[in-house]
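Working notes, beginning with the structure itself.
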Amino acid sequence: MPKTSGEPRDAIEMLTDDHKRVQKLFKRFEKIEREDEDSLRDLVDRAIAELQVHSMLEEELFYPAVRAQISDDEAEDLLNEADVEHESVDELIAKLQELEAGDPMYSAYFTVLTEYVKHHVREEEKELFPRVRKLQDLDLEQLGRDMQTRREDLKSEAAADEADDERAAANARSADSDDELEDEEERTPTKH
Ligand SMILES: [Fe+2]
Ligand SMILES: [Fe+2]
């Protein structure tokens with residue numbers, strides 16, 4: 001049985017579930033026809049949305065909580081590397097958001113993104129998380145609850161943004177279909 005999203009969970013379990021979800025999307029990407037631009041864009045957008053929420057939870061809550069508890073240099077190195085890896089992934093996401101799904105580089109950028117993320121996930125799951133589990137003073141269940149709350153907030157923000165976008169698109173459509181006079185006025189600079 002899948003866990004319900006409202007259930008309080010241990011932070012590491014939650015992050016590991018996120019990793020699995022995103023990697024499932026990566027698997028689907030391998031099978032998708034590159035010419036099927038709609039499906040491609042849809043899948044890439046979903047993966048990006050998953051990754052952005054996940055990164056935010058780690059950057060805002062998980063990593064700082066871990067950083068506050070660790071004392072050895074090696075663990076600190078891992079966290080610093082994680083920050084750099086997140087940065088690289090963010091750059092690839094920004095690039096993908098600029099490109100059309102039909103662009104020949106679109107799949108290339110996404111493929112490299114999947115490789116970076118897979119590498120990063122491996123490091124977290126094999127190196128970082130086992131160390132974090134050993135931190136006596138870190139309450140992973142409380143952290144999991146905090147992360148869940150933040151996730152719900154982000155979800156409602158995203159839904160509100162989407163509604164705004166839809167409204168804006170609808171307004172733009174009705175403005176277009178109004179008449180072209182207004183357009184004319186806007187375009188005509190004061191030429192005297
Ligand atoms: Fe991460
Ligand atoms: Fe992660």
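Values in this text are rule-based calculations from the coordinates and carry no lab data. Quick caveat, the model's predicted, so the values are computed rather than measured. Every residue, glycine as well, gets a Cβ built from its backbone with ideal geometry; the counts of neighbours run over all protein chains shown.
Considering only Gly144, Tyr109, Leu154, whose Cα is most displaced toward the positive end of the charge dipole of the chain, charges sitting on Cβ of Lys, Arg (+1) and Asp, Glu (-1)?
Gly144
Grab the Cα-Cα distance for Glu74 and Val112, subtract it from 0.36 nm times how many residues apart they are, and report the gain in nm with one decimal.
Stretched fully, the Glu74-Val112 segment lengthens by 11.0 nm.
Could you work out the relative contact order of the chain? I mean the mean sequence separation of Cα pairs under 8 Å and 6+ apart, divided by the number of residues, in percent.
Relative contact order for the chain comes out at 36 percent.
Quick one: if you stick a label point 7 Å off each Cα along the C-beta vector at Asp176 and Met105, how many nm between them?
Rounded to a tenth, the inter-label distance reads 2.7 nm.
Evaluate the charge dipole of the range 11-186 about its Cα centre and quote only its size in Debye, nearest 20, assuming +1 on the Cβ of each Lys and Arg and -1 on the Cβ of each Asp and Glu.
Rounded to the nearest 20 debye, it is 1660 debye.
So what is the calculated 222 nm ellipticity per residue for the chain, using -39500 (n - 2.57) for each DSSP H run with n of 4 or more, over all residues, to the nearest 500 deg cm²/dmol?
Computed ellipticity for the chain at 222 nm equals -25500 deg cm²/dmol.
Give, rounded to the nearest 20 debye, the magnitude of the charge dipole that the range 114-166 has about its Cα centre when Lys and Arg contribute +1 at Cβ and Asp and Glu contribute -1 at Cβ.
The calculated dipole for the range 114-166 is roughly 640 debye.
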